[in-house]
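The values are calculated or read from the model by the stated rules, or taken from the named source; none is laboratory data. Keep in mind the model is a prediction, meaning the values are calculated, not measured. Using ideal geometry, Cβ is built from the backbone for each residue, glycine included, and neighbour counts are taken over all protein chains shown. All accessible areas refer to the heavy atoms of the entire protein, side chains included, with ligands and DNA or RNA removed. Shrake-Rupley method; radii C 1.70, N 1.55, O 1.52, S 1.80 Å.
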Amino acid sequence: MLSGLMATAAIAGCNTKNNPFAPGDSQIKASGETVKLLSVDGEIIEMDKAFLKPVPDLPAVSNSEARKGIPGKKFVMVIDLSRCKNLKKCQSACNHMHQVHPGQNWIKVLSMEESDHTAPYWEPTTCMHCDEPPCVKVCPVDATFKREDGIVLIDSDRCIGCRFCMAACPYTTRVFNWEEPVLTKEVADQPYSCESSMPQKKGTVGKCDFCPDMTRKGQLPHCVSACPNGVFMFGDMNEDSVTNGAETFRFSELIKDKAGYRLMEDLGTKPRVYYLPPASRSFPYESGLENENAADKKNQTK
Ligand code: SF4
Ligand code: SF4
């Protein structure tokens, strides 16, 4: 009913060349260019572009909502190794958007080679958001937890910095915040949210969070959007669909057709990150970039 009224109003607005939602006489004139929109009731409506205005950011969710996750979702990531050129756009976007400590990276791009005579390739690694996460089992204060949508997060307000989780993670994905973070004023002033993982705090552990604040808004994680080669695909296992923003795939078919696999499956951690093998590469492997990961190695051995 409501959506029917909205559609009628939108069409009426287009006909009269005035904004039907503005109070009084509107100065906004129709552009003549219309866009189709999906209403909250799932109906397609048409609207003149000139009458659109940005919706302010959603209010931050409560801590209990952040710990519960987004109902009905089971997030999953696919990383296509045949497309990675080690551009590290994923890493710089992640570092920038989460204000990760200088010298630390939540995404690492590793140089891999199976044996002496096989071709090397680049392997981006994130938190695997394991369904059986060893990190969660060892945390003595319930600071790191698994949500019902599959995402593993850390609540820095609870974290006591014992680093048990770092020792338990077989993927070496967690980093310890040894120093005070370098934050913009805007981020420093905002209240801490475990869903945005910001602001980061000295003496606590950080890691890839699958950008749940973005997914709650229906947007892709930063690494996915930043990669120009479409290496990262993100989606919902319940919908059996993943996308890199430009292409969308049926998740089950992609994994089956391209022989997808997970890292260290034999450990029983059940990662939610799948890899597609580096076959039929889009780019040749360029050596000489391996030392760029020196900061990661230093952080892990501290
Ligand atoms: S990859 Fe490591 S940090 Fe991430 S969920 Fe698995 S065990 Fe935990
Ligand atoms: S470092 Fe923090 S998140 Fe990790 S086990 Fe200790 S309290 Fe839990």
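Restriction of the chymotrypsin sites (Phe, Trp or Tyr not before Pro) in region 166-215 to DSSP coil positions whose beta-carbon has at most 13 other beta-carbons within 10 angstrom yields TRP178. Between amide H atoms placed 1.01 Å from N, distances below 5 Å from THR144 occur with ASP155, all of them 5 or more places distant or on a separate chain.
Phi angles across region 174-186 convert, under the Karplus curve 6.51 cos²θ - 1.76 cosθ + 1.60 with θ = phi - 60°, into 3J(HN,Hα) values of 8, 10, 9, 8, 6, 10, 4, x, 9, 10, 6, 4, 4 Hz, Gly and Pro given as x. The order of MET112, MET214 by accessible area, most exposed first and with a 1.4 Å probe, is MET112, MET214. Rounded to the nearest whole Hz, the Karplus-based 3J(HN,Hα) values (6.51 cos²θ - 1.76 cosθ + 1.60, θ = phi - 60°) of region 103-117 follow the sequence x, 10, 9, 7, 9, 10, 10, 9, 8, 10, 8, 5, 7, 3, 9, with x at glycine and proline.
Under the combined filter of DSSP loop state and at most 16 neighbouring Cβ atoms within 10 Å, region 81-164 retains these trypsin sites (Lys or Arg not before Pro): ARG158, ARG163. For VAL224, the shell of other residues with beta-carbons less than 12 Å away shows a net charge of -1, using +1 for Lys and Arg and -1 for Asp and Glu. Summing charges over all other residues whose Cβ lies under 11 Å from the Cβ of ALA168, with Lys and Arg as +1 and Asp and Glu as -1, gives +3.
The alpha-carbon of LYS202 sits under 20 angstrom from the alpha-carbons of these aspartates and glutamates, leaving out residues fewer than 8 places away in its chain: ASP142, ASP155, ASP157, GLU179, GLU180, GLU186, ASP189, ASP296. Using only side-chain charges placed at the Cβ, +1 for Lys and Arg and -1 for Asp and Glu, the dipole size of region 115-202 relative to its Cα centre rounds to 280 debye.
If the reach is capped at under 29 angstrom between alpha carbons, list the lysines near LYS29, excluding any in the same chain fewer than eight residues apart. The qualifying lysines are LYS17, LYS49, LYS53. Under 5 Å from the amide H of LEU110 lie the amide H atoms of GLU123, THR125, each residue being 5 or more positions distant or on a separate chain, with H modelled from the backbone and absent for Pro and chain starts.
Placing a label point 7 Å from the Cα of ALA279 along the Cα-to-Cβ direction, the residues of region 117-134 whose backbone N falls under 16 Å from that point are 119. Other residues whose C-beta falls under 13 angstrom from the C-beta of ASP80 contribute a net charge of +1, scoring Lys and Arg +1 and Asp and Glu -1.
Couplings 3J(HN,Hα) for region 204-219, derived from phi with the Karplus relation 6.51 cos²θ - 1.76 cosθ + 1.60 (θ = phi - 60°), are 10, 9, x, 5, 3, 10, 6, 6, x, 5, 6, 5, 5, 8, x, 10 Hz, where x marks Gly and Pro.
For region 197-273, the list of GluC sites (Glu not before Pro) that fall in a loop by DSSP and count at most 16 other C-beta atoms within 10 angstrom reads GLU239, GLU247. Under 5 Å from the amide H of THR204 lie the amide H atoms of ASN177, each residue being 5 or more positions distant or on a separate chain, with H modelled from the backbone and absent for Pro and chain starts.
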